[in-house]
Structures are given as C-alpha cells and as structure tokens.
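K.L.:
Below is one structure. I have some questions about it.
The values are calculated or read from the model by the stated rules, or taken from the named source; none is laboratory data. Because the structure is predicted, anything quoted here is derived from the model rather than measured. In this analysis, Cβ positions are derived from the backbone assuming ideal geometry, glycine residues included, and neighbour counts consider all displayed protein chains. In case anyone asks, the SASA skips ligands and DNA or RNA and just uses the protein heavy atoms, side chains included. Shrake-Rupley method; radii C 1.70, N 1.55, O 1.52, S 1.80 Å.
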Amino acid sequence: MKKFATLFGMALLAGTALYSVSARAADELTITSWGGSYSESQRKAFYEPYIAAGNKITEAEYNGEIAKIRAMVEANAVTWDVIDVDTQTVLAGCAEGTFETIDWAKLGLDRSKFIGGDVTDCAVPNILYSTVAAYDTSKTQAPAGLFEALFDTTKFPGKRALQKSPFVNLEWALMADGVAPADVYTVLGTDEGVARAFKKLDTIKQDVIWWESGAQGPQLLADGQVVFATSWNGRFHTAIKNDKKPFQIIWDFQAPDWDWWTIPKGTPKIEEAYRFIAFASDPQRMADQTKFIAYGPANKDSSPLVDPAILPDLPSAPDNLKTVFYPDPQFWGDKGDELRERFNAWLAQ
C-alpha cells in the first residue's frame, strides 16, 4: 500500500521507446480496451499515429473481466493481441500465467522511467486514473462528502449509479460504516467484514442503477436518472470539458489505480504487440493523451510535456489528494474472483 501511494504521488514527476516502428505494412493487431472517451483518447494519441506509420489496428471493447481473456488463453485461441487492463487484473493474470512476461529490453524502454514499472513483470503502465463520484450542479446541491452523497438517501433522495463490481464499492461501504481507511483491508479480509460491507450496501441497494461501461455513469447523470454517479475521473472530465455538462467531481476519497498494456499469452502477433506498446509508451504520445482525457501518464518523462492547464484536473493534483484512498491491488489480485462471486450472488438476491 505504501509503495502504491508513493508511486501515485509521483505522477506529476512523470523512456523513450526505441523499438522502431517502420513505415511498412504490418499484420493487423487487435487492441482491446474499455470503450467510450477513454478508447477515443487512445485512438487519437496512439492508434491513429500508429496507423499513419503504416500499421493496421482493429479495436475491440470489453468490460474489464479477466474471464474472457483467461478462456482465450486456456483454449489456445487468442484473438486479442494487446489488452488494456487494471491492476487487479494484471496481478491475477500474471500469477496464473494468463499474460506474457514483459521483456523491457526488447521494448527498448527504461523500466525505471515508468511510475509503477516495478509492480508487475507482466505489463507496462500507461495511465493513472481514479474512480470518483460526481453530481449535476444544476440539479443537486453539494454534499458534505462522498459518503453523504452515496449513502444519505434522506438528504439526497434519488438513484445512484455505481459500477457493477465489488471493487471500491466494498471499501467505500466499510468506510461509510465507520471503518478507518487504514483498517479497510484487515476488515475486508474477514467473512464478517465482507458481510458488514454488503449490509451497508443493502441500505442503498434499491436506489442503485448498476453500470458496466465507463460511459454509462456520466450518461445516467446527464439524463437525470441519478443524483450521483461514479465512474472514472476522465469520463466526467470529458463530459464537463467537451459536452459542457454542469458536473462537479467529488474528489473526496477518490480511489486511484493504474491501467496497463498487457499481452495475452499465446498471441501469434507478439512481435507486433511489442512494437505497438513501445510506440504508445513514448513520452510525447503519452502526454498527448491528456489533451483528450484527464488521466496522468505513467511515463515520468511525459510530465514536462503536459499542458499546465490540464494538471489540476488530474487525480494526482495536490488538492485532489487530500482524502485519497489507495486501493490495495494485491488484495484484489488475491481475493478478486471470490469477492466478485459473492457480489454477483448478492445482486441476485
């Protein structure tokens, strides 16, 4: 946890990919990501320049579940060549052999230049983002904090949009129930603690609309279907900046994480996968992505190249870190499958 906090706090201090990208026709590469404005930012910063250099890309979209990736690998039928994953997924997949071990020398990248570069051997960090909540200032008054927004249905009647996942929701539920942030994973590591988290979520279960793609939270908020929505900070920033929505992000107890480029074990296009990851890890290209979405680039050399006007909108801005809660990716790598199973059973009740 300390390592995670230290690395994330370094985000605004955030080499150059030396693996050559020749202007030649290349085998088509399938890159899988999360859709919405995040994939659009990748398209503009990485995919389009890569295609302009003479390469071919097919885009695919998923909701982050490791099950489909695992099934492809186990069946020796891998059709996704590069996948954007979160930390809990890469840790679980690395431990079970779902992802290739990254050869940084082959990439031509300096691993020490990447925030989080030493967290796993199976991925290259690309961005730092955060799960946050937001509300429409034209319809809802400012809550005192995150937990009032999500759990005080008397003061703030109406629906909430939450991700259809136990990740972060269980931690927030425990903290809203009085568990100190430092004790969350000790409590959540017990059957009693898990039951306590679900009991707290029971208090708002009938008031929740569950979303599965990052674009849904902001859209539910824009449509007036919910009074508060959670999503990733970049999705709300895009709605505010590009769509001129009167949204306000609640940075209180934001939950930061990385996203990573991974290569599923068994892809027949591993050389092309390496070539793309090296290309997309260039510091200028990573800085360019912040023009399209407010996520922090993981390459430390990108920081001086980021427009200063964008820096306050990144999760790593000092004012946004005052009550930050750092999820424990190793806990989720170990316990994720079990808690997702319990979460799905709880939803079905």
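K.L.:
Looking at the stretch 161-180, which of the residues that are closer than 18 Å to Gln206 by Cα and in a helix (DSSP H, G or I) is farthest from the chain's Cα centre (by Cα)?
P.N.:
Here the answer is Ala176.
K.L.:
Scan the stretch 322-337 residue by residue and report those that are among the hydrophobic types (A, V, I, L, M, F, W, C) and either over 17 Å from Trp172 (Cβ atoms) or open to solvent by less than 30 Å² (accessible area, probe 1.4 Å) (or both).
P.N.:
Once the filter is applied, which keeps residues that are among the hydrophobic types (A, V, I, L, M, F, W, C) and either over 17 Å from Trp172 (Cβ atoms) or open to solvent by less than 30 Å² (accessible area, probe 1.4 Å) (or both), the stretch 322-337 yields Phe325, Phe331, Trp332.
K.L.:
Enumerate the helices (runs of 4 or more DSSP H) found wholly within the stretch 192-295, keeping only those where 2 or more residues are modelled with pLDDT under 95, open to solvent by 10 Å² or more (accessible area, probe 1.4 Å) and under 28 Å from Ala142 (Cα atoms).
P.N.:
Result: 233-241.
K.L.:
Also, I was wondering about something else. How many residues are open to solvent by less than 20 Å² (accessible area, probe 1.4 Å) and among the acidic types (Asp, Glu) if we restrict to the stretch 296-307?
P.N.:
0
K.L.:
Quickly run through the stretch 108-130 and pick out the residues that are among the β-branched types (Val, Ile, Thr) and open to solvent by 20 Å² or more (accessible area, probe 1.4 Å).
P.N.:
The one that is among the β-branched types (Val, Ile, Thr) and open to solvent by 20 Å² or more (accessible area, probe 1.4 Å): Val119.
K.L.:
Considering each of Ala45, Ala133, Ala105 in turn, give the residue that is open to solvent by less than 40 Å² (accessible area, probe 1.4 Å) and under 25 Å from Asp288 (Cα atoms).
P.N.:
The match here is Ala45.
K.L.:
Within the stretch 81-101, identify whether any single residue is farther than 24 Å from Gln219 by Cβ, part of a loop (DSSP other than H, G, I, E, B) and hydrophobic (A, V, I, L, M, F, W, C), and answer yes or no.
P.N.:
no
K.L.:
When residues of the stretch 181-191 are filtered for being assigned to a helix (DSSP H, G or I) and either polar (S, T, N, Q) or under 18 Å from Gly333 (Cβ atoms) (or both), how many remain?
P.N.:
4
K.L.:
What are the residues in the stretch 48-70 that are open to solvent by 50 Å² or more (accessible area, probe 1.4 Å) and either among the hydrophobic types (A, V, I, L, M, F, W, C) or on the phi > 0 side of the Ramachandran plot (or both), if any?
P.N.:
Ile51, Ala52, Ala67, listed by residue number.
K.L.:
On the given criteria, is Asp307 out of contact with any Asp or Glu (no Cβ under 6 Å at 6 or more places or on another chain) and closer than 18 Å to Phe114 by Cα?
P.N.:
no
K.L.:
Mind checking which residues of the stretch 52-78 are in a loop (DSSP other than H, G, I, E, B) and either under 23 Å from Ser41 (Cα atoms) or at pLDDT below 95 (or both)?
P.N.:
Within the stretch 52-78, Ala53, Gly54, Asn55, Lys56, Tyr62, Asn63, Gly64, Glu65 qualify.
K.L.:
Right, here's the next one. Considering only the stretch 24-37, I want to know if a residue exists there that is over 28 Å from Lys241 (Cβ atoms), modelled with pLDDT under 50 and either within 18 Å of the chain's Cα centre (by Cα) or open to solvent by 60 Å² or more (accessible area, probe 1.4 Å) (or both).
P.N.:
yes
K.L.:
Among the listed residues Asp334, Asp307, which satisfies the condition of being outside any loop (DSSP other than H, G, I, E, B) and more than 17 Å from the chain's Cα centre (by Cα)?
P.N.:
Testing whether each residue is outside any loop (DSSP other than H, G, I, E, B) and more than 17 Å from the chain's Cα centre (by Cα) leaves just Asp334.
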